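See structure below.
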Amino acid sequence: MTSALYLPEENIDMIAATSVLQQQAADIRTRTINWASYMQSQMISEEDYKAISALDKSRASYLAENSSQVVKTLLNLVSHLSKDSTIQYILVLLDDLLQEDRSRVDLFHETAGKLKQCIWGPFLNLLNRQDGFIVNMSSRILAKFACWGRETMPKSDLNFYLQFLKDQLASNGLAYLQEMAQLAKRTQTIIVHTHGQHGKDKDHHGHQYSPTLAQLQQQHELAERANESYREVGSSSDHQQQDGKCVIPNNEYIQSVARCLQMMLRVDEYRFAFVGVDGISTLIRILSTRVNFQVQYQLIFCLWVLTFNPLLAAKMNKFSVIPILADILSDCAKEKVTRIILAVFRNLIEKPEDSSVAKDHCIAMVQCKVLKQLSILEQRRFDDEDITADVEYLSEKLQNSVQDLSSFDEYATEVRSGRLEWSPVHKSAKFWRENAQRLNEKNYELLRILVHLLETSKDAIILSVACFDIGEYVRHYPRGKHVLEQLGGKQIVMQHLGHEDPNVRYEALLAVQKLMVHNWEYLGKQLEKENENQKQGAAPITGKA
């Protein structure tokens, strides 16, 4: 497969060796299946019985001499047997065959073709099973068939499979949020309960009393201990500690799902299909929650391999990849997560064919405080030379972009990032006098983003800054009021007059005032100008008189 991305394997299979899927596979290998009973009940043919029995005894030698029969038998068994434990065993056997020798993938493709059997169908059907092991082991085998051989997965099957992987990740992200909500609710219940007990306590005279500071502290410690014990119960198996906080895993198979995606996205044909099912948005959505560092690494790895395609690298930050990865970079303590984020950032600068896109990415990184993180990383020593090289490369590129950065470039990047803050450019009257009209560029792109942020953001600072900017636009651009009304922005600004945050209310009020009085101010300036002209014209006449 010429389009496959040949990258170091990063020992991904070693990473997966501790996952739930691999632990279960180790147990399943020890099973003994009574194939004779299947043959006696005519559930399998005598030919398939002999083949599977021989495979159990001497796998390599039998496969070498009877490759066609092995492929035929395994496809027959997977297609026609239904008992979970037996299907599990067959899938582990098949996966082991592929893992031992990748060239067997082509053997399966070629033999299935000669037998006129579909190699994809049986395993795609198993993705609908209820048993989690069967679903995820089938997915793993499909990824190997799709990536390790010369044949690519047909388009219709590919879209179905990538949608499956995306949905698995999405449901895992939802499961994570639900578990976090349950944890928070349980903690709150404990605190309310302990406070409630003291609230009802009375002394021996029957008088109700308020707890002292020491007693309140004791209640807090009790609640914390209860919460910690709950965390400890959850931290067994694959629950992990990260930055001193408990990280609840999204799903026991999420590493396996991510591993399949890591394999698939090495192949260029599959990347556009993944983008077509809105896969990047799903990756970003999950990375914006607090997943454990292993899943974090795997999903960022997926973004990294996507950025090897110049077209995708150019479009990547439209999904807010840079802000999300910048946040993770500032928080992460794991070297491998740092390394893969830096590698994504480097690709976002190196791979786009349009230099202006690379420049925009540099500005976005500066806006997201990546330079500060690079300066911190420069003080550390890394065994991995790639990290040091990437830090040096990125530092140089970002420093150069800062020197070329105009105030409007800085402003536009901040607005596009959706992370408005009270940076100096907003409060500069000179900036607005010179640049207000530039918010009309690209079909009012920046103005539309400001209106969208007002409509969707919950952050009080973002809302305040957006109201202020819209007010300044209207104040400095004569047709600003009309444009804003056309975009539906006036009504949205007015809705924030009743916002719960006083700062948002204040900035919304100022913006509305600028909207309302704008025409009067403009008219006033015109009248002043006319009066001055009249006075200048009258002066010589007075002199002659």
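The values are calculated or read from the model by the stated rules, or taken from the named source; none is laboratory data. This structure is a prediction, so every number in the text was calculated from the model and none was measured. Cβ placement follows ideal geometry from the backbone for every residue including glycine, while neighbour counts extend to all protein chains displayed. These accessible areas exclude ligands, DNA and RNA; they are computed on the full protein's heavy atoms, side chains included. Shrake-Rupley method; radii C 1.70, N 1.55, O 1.52, S 1.80 Å.
Determine the shape class of segment 277-425: with a ≥ b ≥ c the square roots of the Cα gyration tensor eigenvalues, call it rounded for a/c under 1.5, and otherwise prolate if a/b is greater than b/c, oblate otherwise. Because its axes are fairly even, with a/c under 1.5, segment 277-425 counts as rounded.
Nonpolar atom fraction for segment 272-387, defined as the carbon and sulfur part of the 1.4 Å probe accessible area, stands at 47 percent. Of the trypsin sites (Lys or Arg not before Pro) found in segment 323-388, the ones in coil according to DSSP and having at most 12 other Cβ atoms within 10 Å of their Cβ are R380, R381.
Take the Cα of S68, step 7 Å along the line toward its Cβ, and report every residue of segment 104-144 whose backbone nitrogen sits under 20 Å from that point. In segment 104-144, the label zone of S68 (backbone N under 20 Å from the point 7 Å along Cα→Cβ) covers 104-120.
All Cα-Cα distances of segment 9-147, cut into 10 Å bins from zero to the largest, leave 11, 44, 38, 7, 0 percent in each bin in turn. If the limit is 32 Å between Cα atoms, which of K155/K351; K116/K315; K372/K481; K351/K430; K166/K372 go over it? Distance filter (> 32 Å) returns K116/K315; K372/K481; K351/K430; K166/K372. Overall, the anisotropy analysis places segment 444-501 in the prolate class: the square-rooted eigenvalues a ≥ b ≥ c of its C-alpha gyration tensor yield a/c not less than 1.5, with a/b exceeding b/c. Among rounded, prolate and oblate, which fits segment 262-362 when a ≥ b ≥ c are the square roots of the eigenvalues of its C-alpha gyration tensor, a/c under 1.5 means rounded, and a/b larger than b/c means prolate? It comes out oblate by the Cα gyration axes. Annotation for L497 and F408: the two label points, set 7 Å from Cα along the Cα-Cβ direction, are 3.3 nm apart. Taking the Cα centre of segment 315-420 as reference, the dipole from Cβ charges on Lys and Arg (+1) and Asp and Glu (-1) amounts to some 360 debye. Taking other residues whose beta carbon is less than 14 angstrom from the beta carbon of A314, and scoring Lys, Arg as +1 and Asp, Glu as -1, yields +1. Can you tell which of L77, G149, S67 lies farthest toward the positive end of the dipole of segment 45-154, using +1 and -1 charges on the Cβ of basic and acidic side chains (Lys, Arg; Asp, Glu)? Working it through, the farthest residue towards the positive pole turns out to be G149.
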